[in-house]
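None of the figures in this text is laboratory data; all of them are computed from the coordinates on show. Everything numeric in this text was worked out from a predicted model, so none of it was measured. Every residue, glycine among them, receives a Cβ derived from its backbone with ideal geometry; neighbour counts consider all protein chains shown.
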Amino acid sequence: MMVLAVCCGSIAFSHVNDPGFWLFKEYFDLSVVEAIKVRTTYTTVLAVLGLGGVLAVERALDVLSL
C-alpha cells in the first residue's frame, strides 16, 4: 500500500522538465503559464483522489481482516 501511495504522490505538481507537460501544452495549444496552472491543478486532484482510493482500500482490508 505504501508503494501505491508514493505513486499517487509522484504525479502531483508536474513541472516543465516533464516531457508530458510539453505534450499536454502543445496538444491543447496552451501558453506555458496556462499549461502550468491547468496541469498542476488536475494532477494534484488526481493525486489526492488516488491517495483517497489507496486509503479506502487499506481501510477495507483492515475491516475484512477482523
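The list (i) 32, 10, 7; (ii) 20, 13, 12; (iii) 25, 18, 12 gives values of semi-axes √(5λ) of the Cα gyration tensor in Å, and only one came from this structure; which label was calculated from it? Looking at semi-axes √(5λ) of the Cα gyration tensor in Å for this model, the match is (i). If you run the Gaussian network model on the chain, springs between alpha carbon atoms under 10 Å, then out of Ala12, Ala47, Ala56 the most flexible one is Ala56.
A Förster distance of 22 Å, applied to the separation of the beta-carbon atoms of Val45 and Leu23, puts the FRET efficiency at 0.70.
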